[in-house]
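Structure first, then comments.
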Amino acid sequence: MTTQFLFDGPEDARVTILLAHGAGAPMDSASMSATAKVLAAANFRVARFEFGYMAARRTGERKPPPKAETVMPEYVAAVDDLGPTDGPLIIGGKSMGGRVASMVADALYDAGRIAGLLCLGYPFHPPGRPQQLRTKHLIGLETPALICQGTRDEFGDRYEVGEFGLSDEIDVFWLEDGDHDLKPRKAISGFTTAQHLQSVADKVTEWVGRIAA
């Protein structure tokens, strides 16, 4: 089955970012849409897609999220279906989508097909179960990566992540008081979600400038 994409941003952008959704929300969720729009405004071409189980929900077929390992081929297929890009390709996604991208990244990077990995709220462990880490492959990751994470993300906060021994290729960008959707509590942090998303776009621009010069 051919991958269906949602595109944002200029078609002639130098860099394309391919994003997959999280476990429970589709590619056109409010969070994914807002992120795509702010990246598009920063002159990135953003392509969003859905794994098969999520696409099936649109026709009334209620499937639970599968194990991340089982949809790795779907991510690679999305890269194939996207086709050659005019410039560097960054892969990634929200939560589970970013995790799956991280699991296929090194093979694609070694093949010269991608320039980097962008994870938005990485699910380092299930909420309340910090012993169930999803970090083994991140310790030896060779692909340049940027993880944008809220400091109070219940899937891995600032105090935990520093102990994981992540690869030196991974840059973790912290958003003050952000939750798993990077949303802060304005009354506590003084920041808004829009400000945090703009910070993400600014950071992605700076990071891409370094890894895909």
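The values are calculated or read from the model by the stated rules, or taken from the named source; none is laboratory data. This one's a predicted model, so the numbers in the text were calculated from it and none came from an experiment. Note: ideal-geometry Cβ built from the backbone for every residue, glycine included; neighbour counts use all protein chains shown.
Points to keep in mind about this one:
- Failed item in (1) farther than 30 Å from Ile188 by Cβ; (2) surrounded by fewer than 20 Cβ atoms within 10 Å (Cβ to Cβ); (3) at pLDDT 95 or above; (4) of a type in the set (Lys, Arg), with Arg134 passing the rest: (1)
For every residue, the table says whether it meets (1) among the small types (Gly, Ala, Ser); (2) assigned to a strand (DSSP E or B); (3) in contact with a His (Cβ under 9 Å, 6 or more places away or on another chain).
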position: Leu146; (1), (2), (3): no, yes, no
position: Phe191; (1), (2), (3): no, no, no
position: Trp207; (1), (2), (3): no, no, no
position: Ala213; (1), (2), (3): yes, no, no
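- Matching residues in the range 34-57 - criterion: being outside any helix (DSSP H, G or I) and on the phi < 0 side of the Ramachandran plot: Ala42, Phe44, Arg45, Val46, Ala47, Arg48, Phe49, Glu50, Phe51
- Being without any contact (Cβ under 8 Å) to a residue 60 or more places away in the chain, within 19 Å of Lys37 (Cα to Cα) and buried (at least 19 other Cβ atoms within 10 Å of the Cβ) holds for only one residue in Leu182, Leu175, Leu197, Leu166, and it is Leu175.
- You will find that of Ala111, Ala107, Ala77, Ala145, the residue that is among the small types (Gly, Ala, Ser) and under 15 Å from the mean Cα position of the chain (by Cα) is Ala145 and no other.
- Scan of the range 84-110 for residues that are among the basic types (Lys, Arg) and part of a strand (DSSP E or B), ordered by number: Lys94
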